[in-house]
Ligand code: UTP
């Protein structure tokens, strides 16, 4: 029997965590250390409130009425169709390029997820996505950033959010690849927090081993506090950064530090700008941006019936068209404002099967997909949207910019994403006047060209030869 701090004993008793208390008491003192450390970071009140709310499973008044109150977003820049639209885009690009050049932009890649749907056994950024060379997702982004730094003579710090699940391997991978040619000091890794999994029926915290809680990353919404805790918000501010370009690790066709997006964001003095694409169909499983009572919010596909999802407004416009690409630009000062007390993003509950160690020290592996044993908690970054007073939505070119790798097969898989990279390569070469066999697979490195005009110019000037471009002909 050990002498536990009285505050811990009291807290665990108050919040009905007797099994955890017993597990803690049964450990020899040296082994208590790690578990105690983890327990000390837990906000038990918040967990209890969230678990209780999840038990009743009744959505709030506000949630029930959201679909009916939703309007198609008002503050939107659509893809250019007219000459004046093209002028506006050109002006935004110039403004964005200026901001990059002035050192006002940093890039954030969120790479802390566990990638369970893909089922890849390493951090998702290490996934080989290049259709010819197997270039990894991390390499695609690193090369984009390097090319953009060179093009705009800009610093563009790169911040990569990792988690307990991905940190070590990610950092080692960058080291082993010599940071893909980037200056190591210009790449910052920072770790997001974790949240404990709870037994769905009892609200007990689950143990992953006798000395460890079952923890998982706190969601991409953990970004704000992770930046704050690492001192990065202050540091970036002091370095003159004003806009944070945010993207996810799974979309190799995201235009990292996109000058158009940054430019519109800056011209509109937006606090949070989001790139959207038009959904393929009302039933496509994608969150959509809408306006609700004067705020921009996201409605998840699961919140809408098929009839609701297909609704048009009085002017004939489809309401739920604006699919979220998870590419955002944040105003740094806005994010700083979200670190204050009481401004934390809300928690979302997901029912999942989580392995756990029972009172006898035995690892239990639940596997009934219809009755998950646990609830996991996450914060979502897009919950920052309604907290902003000035938001902006920019429509991106879907085929060019949004080809994520989420699933093992089918929609949004490696296959569809690689096909997109190949299609984009073919298109750029065609625009540059180069003929390649239609059945060949093409992969253009961001270091060779960031866009079609650059490819054209470099091929025409002889800086690049067609033979430099990676191609392969599939076996018949
Ligand atoms: P997803 O929501 O697609 O989750 O993350 P995931 O973990 O990658 O994949 P699944 O759902 O388990 O299959 C979207 C982006 O947010 C990051 C991911 O790394 C990805 O870039 N993310 C997600 C984090 O950085 N931290 C998290 O806790 C969750």
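If each residue of separation counts as 0.36 nm, what is the full-extension length gain between residue 53 and residue 150 once their alpha-carbon separation is subtracted?
Working: separation 97, 0.36 × 97 = 34.92 nm, distance 5.09 nm.
That works out to 29.8 nm of additional length.
Both radii come from the Cα set of region 241-332: Rg as radius of gyration, Rh as Kirkwood radius; their ratio Rg/Rh reads 1.00.
Give the peptides 158-169, 450-461, 50-61 in descending order of average Cβ contacts within 10 Å, highest first.
Details: 158-169: 21.3, 450-461: 15.9, 50-61: 12.2.
Top of the packing list down: 158-169, 450-461, 50-61.
The angle separating the long axis of helix 83-101 from the principal Cα axis of greatest extent in the chain is about 60 degrees. For residue 466 and residue 62, a Förster radius of 56 Å and the Cβ-Cβ distance give a FRET efficiency of 0.45, rounded to the nearest 0.05.
Can you give the relative contact order of the chain as a percent, counting alpha carbon pairs under 8 Å and 6+ residues apart? Working shown, then result.
Working: 890 pairs, mean separation 95.2, N = 476.
Reported as a whole number, the value is 20 percent.
Each peptide in 351-364, 266-279, 462-475 gets a packing score, the mean of other Cβ atoms within 10 Å over its residues, and the list from highest to lowest is 266-279, 351-364, 462-475.
With respect to the chain, whose longest principal axis is taken over its alpha-carbon atoms, helix 29-40 is tilted by about 60°. Mean projected area of the convex hull spanned by the Cα atoms of region 426-476, taken over all viewing directions: 3.3 nm². Classify region 340-476 as rounded, prolate or oblate from the Cα gyration tensor: take a ≥ b ≥ c as the square roots of its eigenvalues, call it rounded if a/c is under 1.5, otherwise prolate when a/b beats b/c and oblate if not. Taking the square roots of the gyration eigenvalues as a ≥ b ≥ c, region 340-476 is oblate.
Which length gain, in nm to one decimal place, applies between residue 85 and residue 440 when the Cα-Cα distance is subtracted from 0.36 nm times their residue separation?
Numbers: separation 355, 0.36 × 355 = 127.80 nm, distance 3.55 nm.
Net length gain for the segment: 124.2 nm.
Using the Cβ-Cβ distance between residue 267 and residue 71 with R0 set to 25 Å, the FRET efficiency works out to roughly 0.60. Counting only DSSP H runs of at least 4 residues, each contributing -39500 (n - 2.57), and dividing by the residue count of the chain, the helix-based mean residue ellipticity at 222 nm comes to -10000 deg cm²/dmol.
Spin-label model, residue 102/residue 46: points 7 Å from Cα along the beta carbon direction are separated by 3.5 nm.
When a/c reaches 1.5 or more, the comparison of a/b and b/c decides; with that in mind, is the chain rounded, prolate or oblate per its Cα gyration tensor?
On the way: a/c = 1.81, a/b = 1.52, b/c = 1.19.
Note, shape of the chain comes out prolate.
With the simple spin-label model, which puts each label point 7 Å out from Cα in the Cβ direction, the residue 16 to residue 475 separation comes to 6.1 nm.
What does the extension gain come out to for residue 178 and residue 312, with contour length at 0.36 nm per residue minus their alpha carbon separation? Write down the numbers at each step before the final one.
Numbers: separation 134, 0.36 × 134 = 48.24 nm, distance 5.18 nm.
Fully extending the segment from residue 178 to residue 312 adds 43.1 nm.
Defining a contact as two alpha carbons under 8 Å apart and six or more residues distant in sequence, what relative contact order in percent does region 219-378 show? Before the final figure, lay out the partial values.
Details: 209 pairs, mean separation 41.2, N = 160.
Taking the mean separation of contacting Cα pairs over the length of region 219-378, I get 26 percent.
I need the calculated FRET efficiency for the pair residue 351 and residue 6, taking r as the beta carbon distance and R₀ as 41 Å, to the nearest 0.05. Spell out each step's value before the answer.
Numbers: r = 35 Å, r/R0 = 0.85.
Working from the Cβ atoms, E equals 0.75.
Taken along the Cα-to-beta-carbon direction at a fixed 7 Å, the label points for residue 26 and residue 370 span 3.2 nm.
When you count, for each residue, the other Cβ atoms within 10 Å and take the mean per peptide, how do 83-89, 331-337 rank with the highest first?
331-337, 83-89
Readers should treat all values here as calculations from the given coordinates under stated rules, not as data from a laboratory. From a predicted model like this one, the values you see are computed outputs, not experimental measurements. FYI the Cβ positions are ideal-geometry reconstructions off the backbone, even for glycines, and counts take in every protein chain you see.
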